[in-house]
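Here's the structure we're looking at; comments come further down.
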Amino acid sequence: MHFELTKDYLQNLINIIDKKDDKAAIKLMDELHAVDIAEVYDELNIEQAKYLFLLIEDGEKAADVIAELDDDDRTRFLKILPDDVIASRFIDHMDSDDAADVIADLPEERQEEVLQRIKDIDQAGDIVDLLSYDEDTAGGLMGKEVVTVNIDAVVEDAISVIRKSVEEVDEIYYVYVVDNDEILKGALSLAKLLLASKGTKVKDIYEPNVISVKADMKAEEVANLSDKYDLVALPVVDNIGRLLGRITFDDLVDVMREEADKDYQMMSGLTEDVEHSDKVWQLTRARLPWLFIGLFGGILGAIILGSYESHLASHASMAFFIPLISAMGGNVGIQSSSIVVQGLASGNIGFESTFKKIMKELSVSLINATVFASAIFIYNYFFSSSFALTVTVSISLFIVIIFASVFGTFVPLALHRFKIDPAVATGPFITTTNDIIGLFIYLAIGVLIFTIL
């Protein structure tokens, strides 16, 4: 059943905690999924959360709760728990990738202490291996729990291996085929395995064309690869092709979500990954850089207006259309840059040259510019008493739309070529630049047209 956290539910829970009513608290925890408990913890103080957590009797559920907590909440929670509790209540019940994430949140000296208290030496070794990889790579995402069968095995032996692996591997998406040196040779369908006749060898029924990733591949590239081929799991290999582990779909979804959040925040003018629950200084620090750029753009705009002060004084009606020119330029630039950034992020932009991409966007902008320039011309022709103003606004809007569209396309493509995240080209950067240049174009054309007409 779907759980919805309400104020009444939360207040009732807090009352139970205050009364130290263990039986009622345990009943509530038993009814909730690990994800829901993590959501509840986010609304409690650290002592209240600790009280509830220590009442969870199911070790696997307790481990899942920790894995579902936000990084900051998990770090604060782990600080107040003893090393032996972390090892016995969490790590012993976790997959290796989740366990490595938890231990990575601890200070280095505590990492060693927790690792030494893990009963399963093999698991501790797997965690140490995973901690050596950068968290933003395939190695940092993978888990060591993987089902493998030897290429020379017969199906009966392969089925026996899978049965023994069920206790360690929660979900068996694929069975991977390896040789005697643990080199990945391919994948084996469970359906083929179960339907194969007795005595059939694995090498006669396995699929050799399996997509794998290197351990040092960037996490974002791994997620894009999974999305492209609709894979629910990806095997990870080293430089000579030995199977190291697998990355499952839940981890790939987390990567996709994090990348989307990061791009959205950069497009919104935030330079750091922040949340509403972060401290005031963190939130302020993330917003200040782009706000300073906006301030600088505003100052440049004021300078441009000042340089045309005498012309605006003579033709004050021009000032009425400054917001229109700025808004259209900013909106068009954001649309163009957002489409390009989205294409680059998903890998959907093909091999056509930058010139061809810009020419395609130029064609689109010519149509849009013609439509809106014509619309504003018709409006001013009937409602404005100045034909010079009518011509000025129409020509300016036409040029500004074309410039903003081409500029919004070119900048993210150029940044991508120089290995800079193209998401920084959207939002405040495009808007501020188009405001300044659009304003200059409008006023310059105004001076020219009013002089001629």
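Readers should treat all values here as calculations from the given coordinates under stated rules, not as data from a laboratory. In this text the structure is predicted, and so the values were computed from the model without any measurement. Cβ placement follows ideal geometry from the backbone for every residue including glycine, while neighbour counts extend to all protein chains displayed.
Tell me, what is the percent relative contact order of the range 9-153, built from C-alpha pairs under 8 Å that lie six or more residues apart?
18
Ratio of Rg to Rh for the chain, alpha carbon only, Kirkwood?
Using only Cα positions, Rg/Rh for the chain is 1.12.
Semi-axes of the equivalent ellipsoid for the range 1-139, please: Cα gyration tensor eigenvalues, times 5, square-rooted, ordered largest first, whole Å.
Value: 29, 15, 13 Å, ordered largest first.
Residue-wise, which Karplus ³J(HN,Hα) couplings in Hz belong to the range 233-241, taking 6.51 cos²θ - 1.76 cosθ + 1.60, θ = phi - 60°, and x for glycine or proline?
Running phi through 6.51 cos²θ - 1.76 cosθ + 1.60 with θ = phi - 60° gives 7, 10, x, 10, 10, 8, 5, 10, x Hz.
Just how large is the dipole of the range 1-57 about the Cα centre, in debye to the nearest 20, putting +1 at every Lys and Arg Cβ and -1 at every Asp and Glu Cβ?
220
Across every pair of different alpha-carbon atoms, what Kirkwood hydrodynamic radius in Å does the range 35-100 reach?
11.7
Output ³J(HN,Hα) for the range 76-85: one whole-Hz value per residue in order, computed from phi by the Karplus curve 6.51 cos²θ - 1.76 cosθ + 1.60 with θ = phi - 60°, and x for Gly and Pro.
Per-residue couplings from phi come out as 5, 5, 5, 4, 9, 9, x, 4, 5, 5 Hz.
If the only charges are +1 at each Lys and Arg Cβ and -1 at each Asp and Glu Cβ, what is the size of the charge dipole of the range 7-134 around the Cα centre, to the nearest 20 debye?
Taking the Cα centre of the range 7-134 as origin, the dipole is about 800 debye.
Quote the charge dipole size of the chain about the Cα centre in Debye, to the nearest 20; the model charges only the Cβ of Lys and Arg (+1) and of Asp and Glu (-1).
So the magnitude is around 2740 debye.
Express the C-alpha Rg of the range 148-248 as a ratio against the empirical globular expectation 2.2 N^0.38 Å, rounded to two decimals.
Relative to the 2.2 N^0.38 Å estimate, the range 148-248 comes out at 1.08.
Could you tell me which of Leu234, Met29, Val341 has its Cα farthest along the dipole of the chain towards the positive end, charges placed at Cβ (Lys, Arg +1; Asp, Glu -1), taken about the Cα centre?
Farthest towards the positive pole: Val341.
Need one number: % antiparallel among DSSP beta bridges in the chain, to the nearest 5.
Bridges in the chain that DSSP calls antiparallel: roughly 75 percent.
Angle check, please: helix 219-229 long axis (alpha carbons) against the longest principal axis of the chain (alpha carbons), in degrees 0 to 90, nearest 10.
With both axes taken from Cα atoms, the answer is about 90 degrees.
Determine, for His2, His311, the number of other Cβ atoms within 10 Å of each Cβ, and report the residues in order from fewest to most.
His2, His311
Quote the relative contact order of the chain in percent (integer), defining contacts as alpha-carbon pairs under 8 Å separated by 6+ residues.
10
Along the Cα→Cβ direction, 7 angstrom out, place labels at Leu81 and Asn209. What is the inter-label distance in nm?
Label at Leu81, label at Asn209, 4.6 nm between them.
Rg(Cα) of the range 116-196 divided by 2.2 N^0.38 Å?
This ratio for the range 116-196 stands at 1.25.
What residues have an amide H closer than 5 Å to that of Gly186, excluding those fewer than 5 places away on the same chain, when H is modeled at 1.01 Å from N in the peptide plane?
Result for Gly186 returns Val177.
How high is the FRET efficiency between Ser189 and Ile121 when r is their beta carbon distance and R₀ equals 25 Å, given to the nearest 0.05?
With a Förster radius of 25 Å, E is 0.15.
Grab the beta carbon distance between Glu258 and Tyr381, set R0 = 60 Å, and tell me the FRET efficiency rounded to 0.05.
Calculated transfer efficiency: 0.70.
Along the charge dipole of the chain, which of His2, Trp290, Ser365 sits closest to the positive end, that is, farthest toward it, with unit charges on the beta carbon of Lys, Arg, Asp and Glu (+1, +1, -1, -1)?
Towards the positive end, the residue furthest out is Ser365.
Please work out the C-alpha center-to-center distance from the range 290-310 to the range 95-123 and express it in whole Å.
54
Using the count of nearby Cβ atoms within 10 Å as a rough guide to exposure, how do Glu109, Glu68, Glu361, Glu57 rank from fewest to most?
Fewest to most other Cβ atoms nearby, the residues stand as Glu109, Glu57, Glu68, Glu361.
Please arrange Ser337, Ser165 by how many other C-beta atoms lie within 10 Å of their C-beta, fewest to most.
Lowest to highest Cβ neighbour count: Ser165, Ser337.
Give me a comma-separated list of calculated 3J(HN,Hα) values for the range 121-129, in order, Karplus coefficients 6.51, -1.76, 1.60 applied at θ = phi - 60°, integers in Hz, x for any Gly or Pro.
Each residue's phi maps through the Karplus curve to give 4, 4, 5, 4, x, 4, 5, 4, 4 Hz.
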